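Shown next, in structure tokens, is the structure this report addresses.
The values are calculated or read from the model by the stated rules, or taken from the named source; none is laboratory data. Here the structure is a predicted model, which is why all the values come from computation and not from measurement. Cβ coordinates were reconstructed from backbone atoms using ideal geometry, including for glycine residues, and neighbour counts include every protein chain displayed. Accessible surface is based on the protein model in full, side chains and every heavy atom, while ligands, DNA and RNA are left aside. Shrake-Rupley method; radii C 1.70, N 1.55, O 1.52, S 1.80 Å.
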Amino acid sequence: MSDTRALDLIAERIRAARAVTAMTGAGISAESGVPTFRGADGLWRNYSAADLATPEAFTRDPGLVWQWYRWRQGIIGRAQPNAGHRALARLQSRLAAFSLITQNVDGLHQRAGSSGVIELHGNIWRARCLRGCGYVEDGTGPGSSGEEDRVPVCPCGALLRPDVVWFGEALADDRIELAVQAARNCDVFLAVGTSSLVYPAAGLPLIAGRAGGVVVEVNLEDTPLTPHAGLVLRGRAAEVLPALESRL
Ligand code: OAD
């Protein structure tokens, strides 16, 4: 099927839908200059995300892990939301029932104007108590140069950690419940820029499909989701999403 035909079909399904859900991954922020996790640019000093985004890595060397997050904060802070983020924000303002789930921790959807974003994996601009006293610090920034590996301390005396989900950790119950509901209740589910390898996020489009929703994949390449997607749009999110939104 040509891309134009697929775009027309998806636009038709969206117009007829009672509810639409979109879930994004690192691919949507790639064109804003934020490195994806599994792309060639995902390495920092030869460390991959899987080496650093774990509780074990933080226990071993919290300064190194903070240094990596401050490097990512620096990139994200300089990045601007792109046409893909903005198209999803416009979609939300035009549809009566629209849910946006993201695996990204960069906050670019909110900066593009989206509200009520379900952030499955947390947010890089927040830090929280490692011991779990309940303290959360909002707006942690990259800090001044020379202190990149400083480990912030909680008022309770424990270390602060980035408020993001690490490999091997469970997602917050309330967030995953909201996401499952949004998947189950939608007529169209857009899976945008995700490798569909990391669960439970990767299971959400499958839930939508089993509940009768049409699953649309927007990605540069095939993923494990592709065989389960009813419609596939191959291309950059920053081009495909505005093209779709303009057809509504
Ligand atoms: P990945 O880096 O695994 O995958 C990015 C996907 O985006 C790939 O499938 C690319 O083909 C696609 N892509 C790249 N550029 C694109 C573009 N311009 N337009 C459309 N698609 C594009 O990122 P995620 O799937 O988000 O978790 O990774 C999932 C999770 O793994 C992350 O949230 C993170 C990581 O471990 C945690 O930190 C808990």
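Grab the Cα-Cα distance for LEU9 and ALA170, subtract it from 0.36 nm times how many residues apart they are, and report the gain in nm with one decimal. Working shown, then result.
On the way: separation 161, 0.36 × 161 = 57.96 nm, distance 3.68 nm.
Taking 0.36 nm per residue and subtracting the Cα distance, the gain is 54.3 nm.
What is region 75-155 by shape, rounded, prolate or oblate, if you read a ≥ b ≥ c off the alpha carbon gyration tensor as root eigenvalues and call it rounded for a/c under 1.5, prolate for a/b larger than b/c, and oblate otherwise? Please list the in-between numbers first.
On the way: a/c = 3.68, a/b = 1.76, b/c = 2.09.
Because a/c hits 1.5 or more and a/b fails to exceed b/c, region 75-155 counts as oblate.
Per residue, the solvent-accessible area of the chain (1.4 Å probe, heavy atoms of protein chains only, all protein chains present) comes to 45 Å².
For the chain, the calculated P(r) over all alpha carbon pairs, in 5 Å bins from 0 to the bin holding the longest distance, is 1, 6, 14, 18, 19, 15, 11, 8, 5, 2, 1, 0 percent.
Rounded, prolate or oblate: which one fits region 183-248, using the alpha carbon gyration tensor with axes a ≥ b ≥ c (rounded when a/c is under 1.5, else prolate when a/b beats b/c, else oblate)?
Details: a/c = 2.04, a/b = 1.25, b/c = 1.63.
Taking the square roots of the gyration eigenvalues as a ≥ b ≥ c, region 183-248 is oblate.
Proximity of backbone amide H atoms, modeled 1.01 Å from N, is registered between VAL165 and GLY122 at under 5 Å, excluding neighbours fewer than 5 places apart on the same chain.
Here region 175-196 is scanned for amide nitrogen atoms under 14 Å from the site 7 Å beyond the Cα of ALA96 along Cα-to-Cβ, giving 187. Cysteines in the chain that lack a partner Cβ within the 4.7 Å cut-off: CYS186.
With a simple spin-label model that places each label point 7 Å from the Cα along the Cα-to-Cβ direction, the separation between ARG131 and LEU197 comes to 3.7 nm.
Surface composition of region 19-83: carbon and sulfur make up 52 percent of the accessible area, probe 1.4 Å. Can you tell which of SER29, SER114, SER145 shows the greatest fluctuation in a Gaussian network model of the chain with Cα springs below 10 Å? Highest fluctuation of the listed residues: SER145. Accessible area ranking (1.4 Å probe, heavy atoms, ligands and nucleic acids excluded), largest first, for GLU148, GLU12, GLU217: GLU12, GLU148, GLU217. Taking 0.36 nm per residue of sequence separation and removing the Cα-Cα distance, the SER2/VAL153 pair yields an extension gain of 48.9 nm.
Within the accessible area of region 132-205, the carbon and sulfur atoms contribute 51%, probe 1.4 Å, all protein chains present.
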